[in-house]
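One structure is given here, and the rest of the page talks about it.
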Amino acid sequence: MLQVCHRVQELLQLLNEVLPTFSSSELLEPSAPGKWSRHEILGHLIDSAANNHRRFVLALTQPEPLLIEPYDQDAWVRCAHYQHTPLADLLTLWTVYNQQLIRLIARVPPEAHAFRCTYESGYTVTLRWLMEDYTVHLEHHVQQLLARTLR
């Protein structure tokens with residue numbers, strides 16, 4: 001899990017260095033009608049941190065298997081009005097939340113890595129897989145945020 005923690009820390013540093021160099025229009029314009037702006041993508045990453053934090057803690061404190069409850073990502077982004085939140089506030093919240101996740105992930109005992117977590121579809125993964133997948137998801141959106149042309 002050390003690699004997961006290091007990669008999340010690298011992504012925090014990268015996004016905090018580069019994202020503030022974008023213009024307001026680059027941050028607020030969605031790539032197409034119905035798509036998220038960079039502000040909204042960053043807000044989605046805050047929501048993802050919150051939901052994954054909950055999943056990680058529940059996997060560690062509840063009997064197996066943890067049932068992974070989905071959330072309506074678009075509704076969360078709309079409800080939080082990330083489009084109208086200052087970038088500095090979004091970056092700060094996202095950064096601090098992920099620093100807490102790094103501390104949590106680093107302290108997960110090795111024997112807990114195999115704890116089972118099940119999606120509604122019946123697909124079962126381990127807590128280790130969830131923590132690693134969080135980083136994959138984070139990387140995908142950080143690449144999206146830093147691309148000069150929002151995809």
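The values are calculated or read from the model by the stated rules, or taken from the named source; none is laboratory data. What you are looking at is a predicted structure, and each value in this text was computed from that prediction instead of being measured. Here the Cβ is made from the backbone with ideal geometry for all residues, glycine too, and neighbour counts use every protein chain on show. Ligands, DNA and RNA are excluded from the accessible area calculation, which covers all protein heavy atoms including side chains. Shrake-Rupley method; radii C 1.70, N 1.55, O 1.52, S 1.80 Å.
Quick notes on this structure:
- Leading residue by the ranking (nearest to V8 (Cα to Cα)) among those in segment 110-122 that are open to solvent by 90 Å² or more (accessible area, probe 1.4 Å) and within 21 Å of the chain's Cα centre (by Cα): R116
- Residue match in segment 27-38 (condition: part of a helix (DSSP H, G or I) and either of a type in the set (F, W, Y) or crowded, with 16+ Cβ neighbours inside 10 Å (or both)): yes
- Answer from L93, L104 - the residue that is within 12 Å of the chain's Cα centre (by Cα), of a type outside the set (D, E) and within 22 Å of H6 (Cβ to Cβ): L93
- Of all residues in segment 54-79, those satisfying the criterion of being open to solvent by 50 Å² or more (accessible area, probe 1.4 Å), under 26 Å from R103 (Cα atoms) and in a helix (DSSP H, G or I) are R54, V57, L60, T61, Q73, W76.
- Contacts under 7 angstrom Cβ, first residue in segment 134-148 being modelled with pLDDT under 95, partner open to solvent by 40 Å² or more (accessible area, probe 1.4 Å), 6 or more apart: Q144/R151; L146/V18
- Considering segment 80-109, the residues that are open to solvent by 40 Å² or more (accessible area, probe 1.4 Å) and part of a loop (DSSP other than H, G, I, E, B) include one that is nearest to N16 (Cα to Cα), namely P86.
- Taken together, the residues in segment 13-35 that are closer than 26 Å to I105 by Cβ and either of a type in the set (K, R) or in contact with a Leu (Cβ under 9 Å, 6 or more places away or on another chain) (or both) amount to 5.
- Contacts under 8 angstrom Cβ, first residue in segment 34-52 being among the acidic types (D, E), partner open to solvent by less than 10 Å² (accessible area, probe 1.4 Å), 6 or more apart: E40/V77; D47/V77
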